[in-house]
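Below: one structure, written as structure tokens.
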Amino acid sequence: MKKKLFLLPLLVLLTSPATSQTTNVHEQSDGYEWPTDELVVKNLHEWQDLKFGVLLHWGVYAVPGIVESWSICDEAWITRDTTRTYQQYLDWYWGLADQFRPALFDPAQWAAACSDAGMRYMIFTTKHHDGFCMYDSHETDYTIARHAFKDDPRCDVLRHVFDAYREQGFTIGAYFSKPDWHSQFYWWDVYSKKGRNVNYPIEQFPQRWQQFKQYTHRQMKEILSRYGQVDILWLDGGWVCPENRGQDIDMPAVARMARSLQPGIIIVDRTIRGPYENYQTPERAVPDRQLDYPWESCIPLTDDWGYTPKARYKTAAQVLGTLIEIVAKGGNLVLGVGPTPQGLINQEATARLHEIGQWLRQNGRAIYGTTITPHYHEGNIWFTASKDGKTKFAIYRLADGEVLPLQLSWSVNLPTRSVRLVSSGKKLKYKVEGNRVIVQLPKALPQQSLALEIE
């Protein structure tokens, strides 16, 4: 995940209305290739039914509450403390591992808050681009289990996080960064330049790159062999690919290893179209049209993926409106939430999540397990359908500050038998005039997005 302005065709960028910062979003692949493994396809279809998940960014960057990893990259767009040299800043950043002591670490609180929000799957950062492992890796000392938190019985954080979410019935996903800026096999100190890419010429040092490749494979194997069932391997850092400076980590071998340990695992090699990008991941954005293959918009609850102390939160209405649009277009939403350096999801985030969950508990039939319908959008109304095609749902997306109208009208997906409130099953009065239906709404409805069942 990264920040900076990058314009994407066919995408609508989503940021908080109050934000003034620009964002660098991950490019969406051009097209999709269905996997050939029948178990992967089955698992993909089941994942598509989940609709709503959480993406948890947590690492040393939580200690000062700054952007994840990117402040140590020396690309021109990065801004940082100008009172230090780059090396001084880098040393300070690496040293945060000796301050990261989340005494209140409570993954059960995280999982309960996400379950309360109506989320059905999770993706946790096992390692971001800075290389700091949130599990007890045997391949490096740069892990939470070997620094300030090492004497805590919960120091193998990944195990406790996965277990807590499994207790709540979540589908389990592991985020893993392909680049590793702490590794001397990727950012070699012989060379000074440290942008996002490998900083030495691979063609001159093929054995060093081979060591990085083996190191990366071994770390993925640790995660997939020691921490129980993992349903999704979510690989970030799409610039690590053969077409970019020869950064080939041998994805066919990764997939063979992953599926020998976790049969049917969904692999998401972000932005790399082909057999290992089992679903697309437009970042901070929603495609401008319906797509008939698996995809997921990844959007943070605040302006940032990880914890920041003065965060600006999206409202529950904004998140729900985005979720409604995404589901009508055939996708899933994974919402970014950053736990605090103490190890909790803070009160402002849990309040937003609770409000989202309240709506989904009443209206979730129009979201979960639904499929797309050819006529999916008219004005502020978005349409989904039951898989058997017998029922369609019309969802009015209410914006912040908007008053719910006393009637709704649309010209597609017309009812022939009834219109009901999804939340209560109450039948509503309606009439069809020509090619339009007009539905009368009760006056006492809550001022929030509204889901209707159409038969």
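The values are calculated or read from the model by the stated rules, or taken from the named source; none is laboratory data. This one's a predicted model, so the numbers in the text were calculated from it and none came from an experiment. As a convention, Cβ positions derive from the backbone with ideal geometry for all residues, glycine included, and neighbour counts pool all protein chains shown. Side chains are part of the model used for accessible areas, which takes the heavy atoms of the whole protein and leaves out ligands, DNA and RNA. Shrake-Rupley method; radii C 1.70, N 1.55, O 1.52, S 1.80 Å.
Observations, loosely collected:
- Shown are VAL432, VAL230, VAL41, whose ranking by accessible area with a 1.4 Å probe and every protein chain present, most to least, is VAL432, VAL41, VAL230.
- Centre separation in Å (Cα based) which lies between the range 103-178 and the range 380-418: 39
- At the residue level, ILE381 shows approximately 10 square angstrom of accessible surface with a 1.4 angstrom probe and all protein chains present.
- For the peptides 173-179, 195-201, residues were scored by their other Cβ atoms within 10 Å and the scores averaged per peptide; the highest-first order is 173-179, 195-201.
- Separation of the range 325-346 from the range 430-446 is 34 Å, based on Cα centroids.
- The solvent-accessible area of HIS375, taken with every protein chain present and a 1.4 Å probe, is close to 100 Å².
- Over the chain: helical MRE at 222 nm, DSSP H runs n ≥ 4 each giving -39500 (n - 2.57), nearest 500: -7500 deg cm²/dmol
- Partners for LYS390 among aspartates and glutamates (Cα-Cα distance below 19 Å; same-chain residues under 8 apart left out): ASP49, GLU453, GLU455
- Distance violations [Cα-Cα > 31 Å] among LYS194/LYS329; LYS314/LYS431; LYS51/LYS310; LYS51/LYS213: LYS194/LYS329; LYS314/LYS431; LYS51/LYS213
- Calculated on alpha-carbon atoms, Rg and Dmax of the range 69-184 in Å: 16.1, 48
- Sequence of HIS128, HIS182 when ordered by accessible area, the most exposed leading, probe 1.4 angstrom: HIS182, HIS128
- Amide hydrogen neighbours beyond the local backbone of TRP295, cut-off 5 Å, H modeled: GLN280, ASN332
- Antiparallel bridge percentage (DSSP; both residues within the chain; nearest 5): 50
- Treating each Cα of the range 282-382 as one equal point scatterer and applying the Debye formula with no solvent, the log10 of I(q)/I(0) at q = 0.10, 0.16 Å⁻¹ comes out as -0.30, -0.73.
- Ligands, DNA and RNA excluded, the heavy atoms of PHE393 present near 10 Å² of accessible surface to a 1.4 Å solvent probe.
- Ordering HIS160, HIS57, HIS138 by accessible surface, largest first, gives HIS138, HIS160, HIS57; the 1.4 Å probe counts only protein heavy atoms, with every chain in place.
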